[in-house]
Structures are given as structure tokens and as C-alpha cells.
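A.B. asks: Please see the structure below; I have some questions.
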């Protein structure tokens, strides 16, 4: 059966089909209309699904593209950070005002003369006016005194809690006249020991004793009211300046980077006070670095010797807490110069395997002046510029040596110390 339908118009928006032609029966019109509606609805659903699928695919593609870009960016950041870490250093651990030194203006080999033979049981040597003082924690007395030609004058100072006793003999290198400041760390006090009177009475005679702070190995008395201590606290060291008459105190962080207590040897140092009390200098035990502090202005300077960069994580072995390398053993200072004893040995060889030693000389502006080399394995030094001598002690060799150096006649102005509270 053939039906004559000249025109069928499908209205897609509504899904409704109109039949416009005479001769089409109502039944055919109805059937075609229902079929058209179903076909139109199916087409709409199909196109909606296709559009949704296309949109979803596009979204997934965009997110995947963003992911790839972010991944590339992350890799670049990691690579850049790796490059930065390779080039970075911690040379500014004490101050950003640092210089690196690879050579000295002058270098000289020093010849030794044995001043005291069979010097056993001693630890450190110091010079107090016209005396040499050898410090001991193993013998009967804390202090054994010699004149400058090596004659023994006697000993004094015993361990105890009595009024003339000490619990330790911490040598800070600070003297005045024929008296020396001793840091009795365990009792947290600084004692001015008169060497001449103590020899006469065969016990410690104190000019004065001042309450210090706990756990301070490096302590100095600046005048009749001010004390300066380096104290270990938390994750750093601090300079603590105290007016011991008014008990007012100021605190200043010593190092830029905090360290865990397990690796505190990272900043192990020996400090010395300039005789005019205007500056301090330190020789770092675990770093090849000399630090200088102006006490009044707080200006700092560092001199890095023997290498160009320092990395905190490479200084101390975190499993043992020991420094990987021992650099400066100790130092002595005058109003003109800083004399730093340079060991430069691996930790397992330091203080065990003999080698020649170096004495690095700097002025108080941090200028490298001279490098002395000595064949003896010395651990401690005391300088007398007035007669041009460096006295040195070797516990391994159990001898005290004297080295002749050029007498230094350099004019200098005594700087006035000014600390405001």
C-alpha cells in the first residue's frame, strides 16, 4: 500500500512531527508521529551522550596535559634545587663578612729549642707576666710554674671545695699583672689567681672570685662589672654579656644555623680575649675558620683557611658526634696578632699520629700575616712578642719548646670598651 506524503517537517527542538498533505490518514499520521518522536528522542539522547563524552574526554585531556606540565615543572624544580645545593655553602655561619685564604704573605719554618725536658702529665701551657704555667689534671697540683729559662719554681692548686680550692683549671688565656683568670666551670665561677702569692703560700690565692654562668667554657671578665660568656643553650651557642653587679644581661646568638645537640661539636671553638678587652677571636676545632668579634660595635669577621666552602652537614659524623676533621687545636693572642695552632688531621689521627704543625698569624682586621711551620707535634702555645718567643708544649713528646720569631714592634691604640645596658 502506497501513501502519498509530499512533505514531512521534523521539529527537532520539540520532537514533534507535522504531516502536511491531504490524503494521509489519521492512523498513518499518528503512527508516523509516534515513530518520529521516538527517533527524535533517540537522536537527541545520542547527541547529548556524544557531547558529554566529548566534553569528558576534553576535560581528561586538559587535566592530563596539566599533570604532564606540572610533572615537568616539578622535575625542573628538583634539578634546580640540586644545582643550588651543590653550589651552596655555610661559609656565613658566623657572619656574612667572610674571606677565604689560600696563602699567607709570609711563610717560615721555625727551629725548636727544648726548654723543659721530661714535662710529663701536663695538658696546656700559658704565660703569665714573667712566668710559664703548665696546667695539669693528672698530677698533684693544677698549676706548675717555671721561669722563662725553664727552671721549675713549684706548684699549687688542688681539687676540692675549700676556700682556696678549685674543681677545675680552665685556662682562658686572660691575665693581668702576675695574675691569671681561671674558669672553674663546675662551680660556675671565674677566679683571679695571683701566681706569685700562690707560689709563696703553696695554695691558690685569689685576688677575686666572680659568679659566672653554667656550662660556659669560654668566659672572660671585661672590667670590674662586665663578664662575657659563650654558653650552649638549646640548638645554638649564645654570647651572654652580664653586668654582675646589677645582674642585667644581654644575649646574642653566636651562629646563624642551629644544630642538633648530638652534633654540637660542629661549633666547638676556643676563644681568646684581646688584652685591651676590645675584641675576641676564636679558632674553630671542627672548621677551618677563624672568627673575630668587636665587643663594642658587634662587628664580625670570619677567615676561612685551606678550603673555599664549608657545609654544616659534613662537619660532624651524626652517628658518633665526633668531628670528621680536627682543624685548629688552640690559639693565643696579643694586642697585635692572633696566633692559631693549625692541626688539620682526620679525627682518628688527631692527637694520636705525629705530624708537623702550623701556626697561622692574623692581625685583628683578619689579614693573614704569616704562616709558621714547626716539625714538632705541639698541642698548646703561648706567645711573648716582647722577647720574640713562642713557647709550645707537646704531651706526646713530653717536652716544652721555644721558637724564636721576629720581635714585633707595632704601634696600636687601645680601644675604649663601651657596652650599654
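A.B. asks: Can you work out the FRET efficiency for the pair residue 96 and residue 129, with r the C-beta to C-beta distance and R0 = 30 Å, to the nearest 0.05? Before the final figure, lay out the partial values.
C.D. replies: On the way: r = 39 Å, r/R0 = 1.32.
After rounding to 0.05, the efficiency reads 0.15.
A.B. asks: Ratio of Rg to Rh for the range 250-407, alpha carbon only, Kirkwood?
C.D. replies: Values: Rg = 15.9 Å, Rh = 16.4 Å.
Here Rg/Rh amounts to 0.97.
A.B. asks: With a 10 Å Cβ neighbour count serving as the proxy for reagent exposure, in which order, fewest first, do 343, 190 appear?
C.D. replies: The order, fewest Cβ neighbours first, is 343, 190.
A.B. asks: Then there is this: Applying 1/(1 + (r/R0)^6) with R0 = 35 Å to the Cβ-Cβ distance of residue 233 and residue 158, what FRET efficiency is obtained, to the nearest 0.05?
C.D. replies: The calculated FRET efficiency here is 0.65.
A.B. asks: If you don't mind, another one. Using just the Cα positions, wrap the range 243-298 in a convex hull and report its mean projected area in square nanometres, one decimal place. Walk me through the intermediate numbers first.
C.D. replies: Values: hull surface 20.8 nm².
Spelled out: convex hull of the Cα atoms, projected over all directions, averaged, 5.2 nm².
A.B. asks: Quick check on the range 98-404: of the DSSP beta bridges with both residues there, what percent are antiparallel, nearest 5%?
C.D. replies: On the way: 97 of 106 bridges.
Around 90 percent antiparallel, to the nearest 5.
A.B. asks: Separate question: Evaluated at 10 °C with a viscosity of 1.306 mPa s, what Stokes-Einstein diffusion coefficient in µm²/s does the range 98-404 have when Rh comes from the Kirkwood expression over alpha-carbon pairs?
C.D. replies: Numbers: Rh = 19.9 Å.
So the translational diffusion coefficient is about 80 µm²/s.
A.B. asks: Hey, rough spin-label estimate for residue 397 and residue 276, points 7 angstrom out along Cα→Cβ, what's it come to in nanometres?
C.D. replies: 3.5
A.B. asks: A follow-up question, please. To one decimal place, what Kirkwood hydrodynamic radius in Å is obtained for the range 327-414 from all pairs of distinct Cα atoms? Walk me through the numbers on the way to the answer.
C.D. replies: Numbers: mean 1/r = 0.0735 Å⁻¹.
One decimal place: 13.6 Å for the Kirkwood radius.
A.B. asks: Ranked by Cβ crowding within 10 angstrom, fewest neighbours first, how are 363, 184 ordered?
C.D. replies: Values: 363 14, 184 18.
Listed from fewest to most nearby Cβ atoms, that is 363, 184.
A.B. asks: Please arrange 339, 141 by how many other C-beta atoms lie within 10 Å of their C-beta, fewest to most.
C.D. replies: Numbers: 339 25, 141 20.
Final ranking by Cβ density, sparse to dense: 141, 339.
A.B. asks: Another question, if that's okay. Mind giving me the nanometre distance, one decimal, between the label points for residue 118 and residue 344, set 7 Å out from Cα along Cα→Cβ?
C.D. replies: Placing both labels 7 Å along Cα→Cβ, they lie 3.7 nm apart.
None of the figures in this text is laboratory data; all of them are computed from the coordinates on show. These numbers come from a predicted model, not from an experiment. Note that we place each Cβ from the backbone using ideal geometry, even for glycine, and neighbour counts take in every protein chain shown.
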